[in-house]
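Bear in mind that the values in this text are calculations on the coordinates, not laboratory data. These numbers were taken from a predicted model, which means no experiment stands behind them. Using ideal geometry, Cβ is built from the backbone for each residue, glycine included, and neighbour counts are taken over all protein chains shown.
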Amino acid sequence: QVQLVESGGGLVQAGGSLRLSCAASGRTFSSYAMGWFRQAPGKEREFVAAISWSGGNTYYADSVKGRFTISRDNAKNTVYLQMSSLKPEDTAVYYCAARYHDWGPQVYEYDYWGQGTQVTVSS
């Protein structure tokens, strides 16, 4: 069982930055690939970024590539999403998710989810 708690969301102007954190419970955090997803009002939840269990591989949606960076600290059971050059279209609830061992870009592939944190980017 893995419990996930996101933090770091908020209101930021376009062009600004935010860093999201996701703290995980459990002693097997390092066995899980971690992903960030987001869901805007009226839209489906979409993949943003993922990181392998070791942290050695990262994956990004085209819409955030070059602007967002995912990282993890297995000693702290935490995964991060550094977001820069934010755009109004990045406004959404951001969720972290855990999948045992392998990463994936699909919502259904993840076993555990956090409650989400709101990110609002004003123009």
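Listing for the model above:
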| read-out | value |
| --- | --- |
| Computed over the chain: relative contact order in percent, which uses C-alpha pairs under 8 Å that are six or more apart | 36 |
| Under 13 Å from the Cα of K43 - aspartates and glutamates, other chains or at least 8 residues apart | E89, D90 |
| The chain, dipole about Cα centre (Lys/Arg Cβ +1, Asp/Glu Cβ -1), debye to the nearest 20 | 240 |
| Relative contact order [Cα under 8 Å, 6+ residues apart], region 3-62, whole percent | 23 |
| Eligible lysines near K76 by straight Cα distance, threshold 27 Å, same-chain separation 8 or greater | K65 |
| Fully extended contour minus Cα-Cα distance, from S71 to S7, at 0.36 nm per residue | 21.6 nm |
